[in-house]
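Each remark here refers to the structure printed beneath this line.
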Amino acid sequence: MQGSQEVNEWIDGFLFVANKSILDFLNTKPVLEEGPTELLSDVRALERWLIASDMVTSPKAKAAVRGWRQSPKAAAFLDRLITFRERLREAVVRIENGSLPADAFLAEVNSLLLQHPRHTSLHKRDRKVIRETLFELRKPTDIWAPIIDATADLLTEAEWSRIRKCESCVVHFLDTSKKGSRRWCSMNICGNKLKVAAYQRRKRATMPPRTTLPDFTNL
Ligand SMILES: [Zn+2]
């Protein structure tokens with residue numbers, strides 16, 4: 001087990017603080033010190049994110065993804081995926097503001113659900129029958145299946161009042177805290193920064209007015 005939450009927040013250069021993989025997917029464009037940063041900058045980065053997010057786990061699937069590094073089809077898929085990510089962001093922001101996602105976005109999700117259904121199959125295990133999701137990666141567009149399934153899950157299963165944006169940055173998350181009072185993407189990233197700022201504000205407010213400012217007017 002990892003010692004602290006902070007250890008798990010960044011995996012291979014990607015942020016995982018959202019409690020939902022599809023929101024972590026949105027957070028592949030965070031604002032870092034150098035400004036808004038596209039972390040899915042190329043197919044190689046997508047490969048790393050798919051593995052870091054546990055979307056791609058089997059050796060066979062990893063090998064398939066590695067085979068796409070020079071693939072124009074994979075590059076074209078990534079372009080579409082990023083466009084979709086920004087429309088998903090718009091839908092999530094609407095939800096956070098108490099609105100429904102746009103009809104055009106739901107139509108796009110429906111079309112992708114039809115084109116890329118998640119396949120399942122039944123197996124016997126421990127004297128029970130279990131249902132397992134099949135995720136066969138043969139071509140880049142097969143990645144739509146888990147992405148669109150997770151999108152549909154977010155829109156229909158997640159408690160919308162718990163979908164939130166960090167008070168201090170662009171990162172979205174699902175608040176799974178008991179009290180439902182989570183405000184920041186992470187204590188390490190924004191929480192501490194805001195706490196320090198609040199502390200400094202308080203300190204300034206309680207400090208006596210400065211009376212010893214040098215007076216240069218008579219020089
Ligand atoms: Zn933040």
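The table below lists the values:
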quantity	calculated
Qualifying residues in the range 141-173 (those that are in contact with an Asp or Glu (Cβ under 8 Å, 6 or more places away or on another chain) and within 16 Å of the ligand (Cβ to nearest atom)) - the one farthest from Pro36 (Cα to Cα)	Ile163
Enumeration of residues in the range 27-44 that are touching a Leu at 6+ places or on another chain (Cβ under 8 Å) and under 15 Å from Cys190 (Cα atoms)	Asn27, Pro30
The range 105-144 - residue that is within 25 Å of the chain's Cα centre (by Cα) and among the hydroxyl-bearing types (Ser, Thr, Tyr) and, of those, modelled with the lowest pLDDT	Thr133
Residue, surrounded by the fewest Cβ atoms within 10 Å (Cβ to Cβ), within the range 145-161, restricted to residues that are over 15 Å from the mean Cα position of the chain (by Cα) and among the polar types (S, T, N, Q)	Thr156
Selection count where residues are under 13 Å from the mean Cα position of the chain (by Cα) and closer than 16 Å to Pro146 by Cβ, scope the range 56-86	1
Condition check for Lys195: in contact with a helix residue (DSSP H, G or I) (Cβ under 9 Å, 6 or more places away or on another chain), at pLDDT below 95, among the basic types (Lys, Arg) and not in a loop (DSSP other than H, G, I, E, B)	yes
Search result, residues across the range 75-85 that are over 10 Å from Arg44 (Cα atoms) and either of a type outside the set (Asp, Glu) or touching a His at 6+ places or on another chain (Cβ under 7 Å) (or both)	Ala76, Phe77, Leu78, Arg80, Leu81, Ile82, Thr83, Phe84, Arg85
Hey, Arg138 away from the ligand (no atom under 16 Å from the Cβ), open to solvent by 20 Å² or more (accessible area, probe 1.4 Å) and over 17 Å from Val109 (Cβ atoms) or not	yes
Matching residues, the range 174-193, being surrounded by fewer than 19 Cβ atoms within 10 Å (Cβ to Cβ), polar (S, T, N, Q) and within 13 Å of the ligand (Cβ to nearest atom)	Asn188, Asn192
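The values are calculated or read from the model by the stated rules, or taken from the named source; none is laboratory data. Since we're looking at a predicted model, the values are computed, not measured. Cβ atoms come from the backbone with ideal geometry, glycine included; neighbour counts cover every protein chain shown. Calculation scope for accessible area: heavy atoms of the full protein, side chains included, ligands and nucleic acids excluded. Shrake-Rupley method; radii C 1.70, N 1.55, O 1.52, S 1.80 Å.
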